[in-house]
Amino acid sequence: MASGSQALAKGSYLLRCKERSFFAAAANGHSAIWPEAEAISDGKEVRFVRDGKQIYLCNAVYAAFNFGVAAVLKD
């Protein structure tokens, strides 16, 4: 979806780890997200949530580069 310095646009998503295994995700600090998690972007920061609780936070450029969009969720 995004490359270089492009940020993940404002919206709600189901983002999927690009790593192929839990262990690779854990090595990159993405084990809480493995294999995918709901994410809410304000265009600057992305909050990953599971069961209504924040599990991970990163900036929108990092999210666009390190995670794949599995689905766009409606609010």
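Rule-based calculations on the coordinates, nothing more; no lab input. Remember, it's a predicted structure, so these values are computed and weren't measured experimentally. As a convention, Cβ positions derive from the backbone with ideal geometry for all residues, glycine included, and neighbour counts pool all protein chains shown.
Multiplying the residue separation of A70 and A9 by 0.36 nm and removing their Cα-Cα distance gives an extension gain of 20.5 nm. Fewest neighbouring Cβ atoms within 10 Å first, the residues D51, D42 line up as D51, D42.
Would you mind calculating the relative contact order of the chain from Cα pairs under 8 angstrom and at least 6 residues apart, reporting the percent as a whole number? Computed over the chain, the figure is 42 percent. Average projection, convex hull of the Cα set of the stretch 11-73: 3.7 square nanometres. GNM on the chain, alpha-carbon springs under 10 angstrom: the most fluctuating residue among K44, K18, K53 is K53. Summing Cβ point charges (Lys, Arg +1; Asp, Glu -1) relative to the Cα centre of the chain gives a dipole of roughly 60 debye. The GNM of the chain, with springs linking C-alpha atoms under 10 angstrom apart, assigns the highest mean-square fluctuation among G52, G43, G11 to G52.
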